[in-house]
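Peer 1: Following this message is one structure expressed as structure tokens.
The values are calculated or read from the model by the stated rules, or taken from the named source; none is laboratory data. Keep in mind the model is a prediction, meaning the values are calculated, not measured. So basically every Cβ, Gly included, is an ideal-geometry build from the backbone, and we count neighbours across all protein chains shown.
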């Protein structure tokens, strides 16, 4: 019988300026931490998964446009440096092309079946009878009422 220890986490190496960095997918806890810190990132998600809406992929450029601090926090979370202010500051100063290399790896690792299929599954979940009964369907993501989660 397989073990989750055997299959998780997915990882890949990003080489930057001759140094290798191990990148992991971002779990729900790490993503919640970043959304809690930067609610504008959470604003992208309801548009992608709004009940009744056609699922749309999240544009990497839209994430980058939110600001270098958000991109730095996402990269830090995927490289084991979450919450490290000095690392995030350095990551925010990377060239945009370098940041995109990390973001592409993070998306591949965080959504191994693809981002669009993930968005479609979340849309189905939010429109499910359970979500409707619990009143979750159609509501915007609340980024202010709970403390951040951790993985």
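Peer 1: Is it the case that some residue within segment 52-70 is at pLDDT 85 or above, closer than 27 Å to residue 125 by Cα and either buried (at least 16 other Cβ atoms within 10 Å of the Cβ) or touching a helix residue (DSSP H, G or I) at 6+ places or on another chain (Cβ under 7 Å) (or both)?
Peer 2: Looking through segment 52-70, at least one residue is at pLDDT 85 or above, closer than 27 Å to residue 125 by Cα and either buried (at least 16 other Cβ atoms within 10 Å of the Cβ) or touching a helix residue (DSSP H, G or I) at 6+ places or on another chain (Cβ under 7 Å) (or both).
Peer 1: Quick check: anything in segment 105-128 over 17 Å from residue 31 (Cβ atoms), surrounded by 14 or more Cβ atoms within 10 Å (Cβ to Cβ) and modelled with pLDDT of 85 or more?
Peer 2: Looking for residues that are over 17 Å from residue 31 (Cβ atoms), surrounded by 14 or more Cβ atoms within 10 Å (Cβ to Cβ) and modelled with pLDDT of 85 or more, one finds none in segment 105-128, hence no.
Quick grid of which residues meet (1) at pLDDT below 90; (2) under 17 Å from the mean Cα position of the chain (by Cα); (3) surrounded by 14 or more Cβ atoms within 10 Å (Cβ to Cβ):
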| position | (1), (2), (3) |
| --- | --- |
| 1 | yes, no, no |
| 4 | yes, no, no |
| 10 | yes, yes, no |
| 14 | no, no, yes |
| 19 | no, no, no |
| 23 | no, yes, yes |
| 26 | yes, yes, yes |
| 39 | yes, yes, no |
| 48 | yes, yes, yes |
